[in-house]
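Asker: I'd like to ask some things about the structure below.
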Amino acid sequence: MTTQLAPGILQIAKDFIKAVENRKSFDELCQFYHPDILQIEYPNSITKKIKIRALQDLKNAAEQGRQVLREEQYEILNSYVCDQTVILEVIWTGISAVDIGTAPARTKIKAYFTQFFEFKDNKIFRQRNYDCFEEFKIPQPNSREEKVLDNEAKH
C-alpha cells in the first residue's frame, strides 16, 4: 500500500500562483482557499485604499482581473516558510486588455509583490499583498515602419 504525503504549504502556495498565472477559473482557484479566507491588499498605485476581501469578493476581483489583463506572469524570487505562513517575493508582469489611466490596452505592467499566505487545514486562510507597481510605460513603436504607420494614422 502506497501512502501519499500531502504537499507542503510552500508547494501549495507555488501551485496557487501557477494556477493564477495560467488564468484558471475561480472554481479551480477555490480549491486553494479556506472557506473563511480573508485577503488584504494594501494601498498601491492601483488600489488606493486597503481592500479586504472574503471568498465572494475574491471571486468578483478574479472576474474583473480576467477582463483587465490579457496575461500575467509570476517570477518567484524568494520564498520563506515560518510555521503555517509562506512568504513569497515575486516579480509580476501583466499585459493590459483595456486602457488603464493614460496607458492604452496591451501596455506591459510590472510590479514587485510580497505576499504572505497563512494556512489553516492546508488551505489559504489569510493572504496579505504588498504590491509595488512600476510607472506604466506607454508602448512606443518598435521600428521605423511602425512609426511611419503611426504617424500616417494621425493624419
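Asker: Does segment 23-31 include one or more residues that are of a type in the set (A, V, I, L, M), within 28 Å of Cys82 (Cα to Cα) and not in a strand (DSSP E or B)?
Answerer: Yes, segment 23-31 has at least one match.
Asker: Could you list, in sequence order, the residues of segment 49-75 that are farther than 17 Å from Tyr112 by Cα, in contact (Cβ under 8 Å) with a residue 40 or more places away in the chain and touching a helix residue (DSSP H, G or I) at 6+ places or on another chain (Cβ under 8 Å)?
Answerer: Passing the criteria: none in range.
Asker: What residue, among those in segment 93-123 that are of a type in the set (D, E, K, R) and at pLDDT 90 or above, is farthest from Pro7 (Cα to Cα)?
Answerer: So the residue we want is Arg106.
Asker: Quick one: count up the residues across segment 76-125 that are farther than 17 Å from Lys18 by Cα, of a type in the set (A, V, I, L, M, F, W, C) and either exposed (fewer than 14 other Cβ atoms within 10 Å of the Cβ) or without any contact (Cβ under 8 Å) to a residue 12 or more places away in the chain (or both).
Answerer: Matching residues across segment 76-125 total 3.
Asker: Take segment 66-75 and flag every residue that is in contact with an Asp or Glu (Cβ under 8 Å, 6 or more places away or on another chain) and either loosely packed, with under 15 Cβ neighbours inside 10 Å or not hydroxyl-bearing (Ser, Thr, Tyr) (or both).
Answerer: Glu72, Gln73, listed by residue number.
Asker: Considering only segment 100-126, state which residues are within 13 Å of Asp83 (Cα to Cα) and in a strand (DSSP E or B).
Answerer: Those that are within 13 Å of Asp83 (Cα to Cα) and in a strand (DSSP E or B): Phe116, Phe117, Glu118, Phe119, Lys120.
The values are calculated or read from the model by the stated rules, or taken from the named source; none is laboratory data. In this text, all values refer to a predicted model and were calculated from it rather than measured experimentally. Backbone-built Cβ (ideal geometry, glycine too); neighbour counts: all protein chains shown.
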